[in-house]
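Structure first, commentary second.
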Amino acid sequence: MAAVAALCLVAGALHVVIPEDHFTLRWQHSIEKIEWDEDYAVVGGWLMLNEARIRGSGAGMEPPPGAWFHDGVWHYKLRDPWRKEVVLARSPYVRDYEVCTQRGCASMGRWIPVSAGTTVLSACAVGR
């Protein structure tokens with residue numbers, strides 16, 4: 001039985017495995033109400049940020065050096081795209097994060113409620 005790359009979500013005692021090797025993390029800036037997207041690949045035990053997009057700019061959300069503007073959206077890639085984990089602070093006072101896969105997009109609350117608190121994304125493997 002070969003292992004398949006997957007995305008793991010962990011908050012406290014809650015642990016969810018999403019069997020996808022590519023996903024987009026989407027959220028809205030809490031003050032500026034501007035949407036951000038980050039495209040990740042699950043590679044071995046790592047998350048690799050392929051590309052990110054910001055649909056505007058504002059306080060504390062300037063695109064990084066090297067970003068390019070296309071069709072009203074800032075696009076950028078990081079010099080070091082590798083992450084062991086992505087830590088997300090969640091709050092009932094703002095729109096929750098979304099996870100998008102080839103099956104579509106869903107609020108992270110579909111898997112782990114906002115009330116569970118800080119949620120950690122990481123690479124994991126699931127048996128086939």
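Observations on the model:
- For chymotrypsin sites (Phe, Trp or Tyr not before Pro), the sites in the range 34-128 that DSSP calls loop and that have at most 14 other Cβ atoms within 10 Å are 93.
- Residue among 26, 95, 110 with the largest mean-square fluctuation in a Gaussian network model of the chain, springs linking Cα atoms under 10 Å: 110
- The gain in end-to-end length when the residue 101 to residue 4 segment is fully stretched comes to 33.4 nm, 0.36 nm per residue minus the alpha carbon separation.
- Assuming charge only on the beta carbon of Lys and Arg (+1) and of Asp and Glu (-1), the dipole of the chain about its Cα centre is about 240 debye to the nearest 20.
- Over the chain: Kirkwood hydrodynamic radius from C-alpha pairwise inverse distances, Å: 15.4 Å
Here, each number is a calculation from the coordinates, and none is a lab measurement. Here the structure is a predicted model, which is why all the values come from computation and not from measurement. Here Cβ is always computed from backbone atoms with ideal geometry, including for glycine, and neighbour counts include all displayed protein chains.
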